[in-house]
1. Read through the labelled values (i) 0.96; (ii) 1.41; (iii) 1.45 and report the label of the one computed as Cα Rg over 2.2 N^0.38 Å from the structure.
2. Which one of 77, 154, 5 is farthest out on the positive end of the charge dipole of the chain, using unit charges on Cβ (Lys, Arg +1; Asp, Glu -1) and the Cα centre as origin?
3. For segment 53-96, what class follows from the C-alpha gyration tensor (a ≥ b ≥ c being the square roots of its eigenvalues): rounded when a/c is under 1.5, otherwise prolate if a/b is larger than b/c, else oblate?
4. In the chain, which whole DSSP H runs stretch at least 15 Å along their own axis (Cα) and average -1.0 or higher on the Kyte-Doolittle scale?
5. For the chain, what is the mean residue ellipticity at 222 nm derived from helices alone (per DSSP H run of n ≥ 4: -39500 (n - 2.57); sum divided by total residues; nearest 500 deg cm²/dmol)?
6. For the chain, what is the number of Lys pairs with C-alpha distance below 27 angstrom, counting only pairs 8 or more positions apart or on separate chains?
7. Near the amide H of residue 5, under 5 Å away, which other amide H atoms are found, from residues 5 or more places off or on another chain, if H is placed in the peptide plane?
8. Report the charge-dipole magnitude of segment 86-199 in Debye, nearest 20, computed about the Cα centre from +1 at each Lys and Arg Cβ and -1 at each Asp and Glu Cβ.
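Coordinate-derived values only; no laboratory data. The structure displayed is predicted, hence computed values, not measured ones. Cβ placement follows ideal geometry from the backbone for every residue including glycine, while neighbour counts extend to all protein chains displayed.
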Amino acid sequence: MPFSLVCPAHHELVIKKSRFIACVESVAGRDEAQARVAQLKAEHPDAAHVCWALLAGGQSAAHDDGEPGGTAGRPMLEVLRHQNLQGVMASVVRYFGGVKLGAGGLLRAYTDAVAQALLTAEKIPLIKQAQLACSVPYALEGLVRRELELAQAQLLEVAHGSVVTLRFALPDTLAAALMARLSESGRGQLVWLNGDTSD
């Protein structure tokens, strides 16, 4: 099961006078990751490099930001993969201390900075969510709302027209049982609309 992070985790390493400031945080995808990198570059204008790695399904990426190829972004990405994380970005801001570390030294520094940050991170399992929608006559709205509350489903939207349309989400593993219960208690008056599942 993949995990995400409750809140950002940080760690700082100093190796031969170079500072490596690591942050691991949850992000939705590449756009949010790139916006975060731009923010870090603005916060650290004197930093030599802002390297980052993103593990977010089809939007995964690794960027060395001027460090020798494969010494920063890719190793950071491997740390995220090894921890079975998803929707997570690792960034390391490096202030150069005047002593070259070599490819092996850089690889270890970036890997260690991210791994140390993750030691303090609080992880949460990513549970696949089912999004469902149904319409019912007004007389059944209360019954559906009670069932959703009992199932601890998240009510996303309610629209009142000629009928009441409700959109909600709940863990994928609980969806079939709730649908069966609602169909039965809806006495043929509940209509399922096209839903989808998403992470």
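1. Matching the structure shown: (ii).
2. 77
3. It is prolate, given that a/c is not under 1.5 and a/b is the larger ratio.
4. Span-like helices here: 102-119, 172-185.
5. About -10500 deg cm²/dmol.
6. Value for the chain: 6.
7. Residues meeting the criterion, in which the H sits 1.01 Å from N, are 26, 124.
8. 380
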